[in-house]
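The values are calculated or read from the model by the stated rules, or taken from the named source; none is laboratory data. Bear in mind the structure is a predicted one, so any value in this text is a computation, not a measurement. With ideal geometry, Cβ positions are generated from the backbone for all residues, glycine too; neighbour counts draw on all protein chains shown.
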Amino acid sequence: MNITFVHAADLHLDSPFQGLDEARAAQRREEQRELLRRLVELVRASGAQLLLLAGDLMDSALAYRETAALLEESLSACPARVFLAPGNHDWYGPGSPYTRLRLPETVHIFTAPAPEAVDVPELGLRVWGCAFHGPESGALLRGFSAPRQPGRREIMVLHGEVSLRSAYNPIAPEDISGSGLHYLALGHNHSASGLRREGRTFYAWPGCPEGRGFDECGEKGVYLGTLDDAGGCALEFHPLGRRRYHREELDLTAAEDPAAALCALLDSGAPEDIWRVYIKGERDAAPDLAALERAGEGRCFALEVRDRTRPRRELWAQAGEDSLRGLFLGRLRQAYESETDEAVRQRIIQAVRWGLQALEGGEELS
Ligand SMILES: [Mn+2]
């Protein structure tokens, strides 16, 4: 029998959203709570048998009251068995909201600081997990080995970092290969890992299901997974976030209408998205950042434009110089002056600009 699961982590509900103004930050926190509903909806739609929550569901160990209530409501309504392992942000302790939630038997929160197991005989399965008891943790998986029994699958839900040195439950590759687990559902790192394997143990972390800042750009989501009878594992990434963060560069050197160039870039995303755009290249006049930001209004949820342009310089100024730059400019100037085709002349000018940037080791070539 295949076992199907949804694996999520790092929702970080009630994050402060410091990059946004107060009203938008509050709106984002409200939207974040929607993630829980969408997650349960995904479990329902996919028919998954398990929901594995690998920690940092809340951004702090003291969540807003309405978030705890929503957690109770969502997890209680989840049609699958739910297993939750608290992480370094939502660590388990006397004041934790996890101590107060009234949950049905289908939901299990791991509270011990060492691996414990819950039997799920109807699925031929045992689910392991343990909890952070503070904002840091030593190695929780070291020395662990689940006794394998024919016909029974072993899964663990765990917050931690696959790294030899980490303050957040460091996990070494040999801890994983020696664990005897069929699947290790991790959380902590905010970028999805893809399906990984050490020995016979498959493992992964899904990343955060929705970005919260410009260090969490792009598509975010959760994993839909299947464990088959032969010990195989398959994962499918399922986007869950409502808004994406983009951090992009925009070269305005050749742009006749900077606002139009910016709008074209913004239109490559969705109207819900959040952007930071670094404009770069050579300009005759200093760019009007406020005007650019106004031009982008209505095309995205929030936009921030930062200036990395520099004044246009006299291109051939150093053509006579006795240096690599001088030689380069001399050769191209000759080509430019003997060329009659205007399109080719423009290409030569562009080549000179790029060449000068490269010779300066400018970051703008990236
Ligand atoms: Mn974490």
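Just one residue in the set 144, 132 is touching a residue at least 60 places away in the same chain (Cβ under 8 Å), in a loop (DSSP other than H, G, I, E, B) and either assigned by TED's automatic domain parsing to the domain that holds residue 8 or out of contact with any His (no Cβ under 6 Å at 6 or more places or on another chain) (or both); that residue is 132. Taken over the range 277-286, residues that are surrounded by 18 or more Cβ atoms within 10 Å (Cβ to Cβ) and in contact with an Asp or Glu (Cβ under 7 Å, 6 or more places away or on another chain) amount to 4. Residue pairs whose Cβ atoms lie under 6 Å apart, sitting 6 or more positions apart in sequence or on different chains, and linking a residue in the range 47-69 that is over 18 Å from residue 107 (Cβ atoms) and assigned by TED's automatic domain parsing to the domain that holds residue 155 to a partner that is modelled with pLDDT of 90 or more and outside any loop (DSSP other than H, G, I, E, B), do not occur here. Strands (runs of 3 or more DSSP E) fully within the range 75-126 that include at least 1 residues being aromatic (Phe, Trp, Tyr) and surrounded by 21 or more Cβ atoms within 10 Å (Cβ to Cβ): 81-84. In the set 299, 276, only one residue is closer than 30 Å to residue 11 by Cβ and out of contact with any Lys or Arg (no Cβ under 6 Å at 6 or more places or on another chain); that residue is 299.
Of all residues assigned to the range 152-167, at least one qualifies as being in the same structural domain as residue 10 (by TED's automatic domain parsing), among the polar types (S, T, N, Q), in a loop (DSSP other than H, G, I, E, B) and within 15 Å of the ligand (Cβ to nearest atom). Of all residue pairs spaced 6 or more apart or on separate chains, those with beta-carbon atoms under 8 Å, a first member in the range 196-211 that is over 24 Å from residue 273 (Cα atoms) and a second member that is of a type in the set (S, T, N, Q) and surrounded by 23 or more Cβ atoms within 10 Å (Cβ to Cβ) are 201/179. Residue 350 passes every criterion in (1) assigned to a strand (DSSP E or B); (2) touching a residue at least 60 places away in the same chain (Cβ under 8 Å) apart from (1).
Of the residues making up the range 16-25, not a single one is assigned to a loop (DSSP other than H, G, I, E, B), within 19 Å of the chain's Cα centre (by Cα) and modelled with pLDDT of 90 or more.
Looking across the range 177-192, the residues that are surrounded by fewer than 24 Cβ atoms within 10 Å (Cβ to Cβ) and more than 24 Å from residue 221 (Cα to Cα) come down to 177, 178, 180. Selection over the range 347-361 of residues that are surrounded by 16 or more Cβ atoms within 10 Å (Cβ to Cβ) and at pLDDT below 80 gives a count of 2. In the range 27-74, of all residues being small (Gly, Ala, Ser) and in a loop (DSSP other than H, G, I, E, B), the one that is surrounded by the fewest Cβ atoms within 10 Å (Cβ to Cβ) corresponds to 47.
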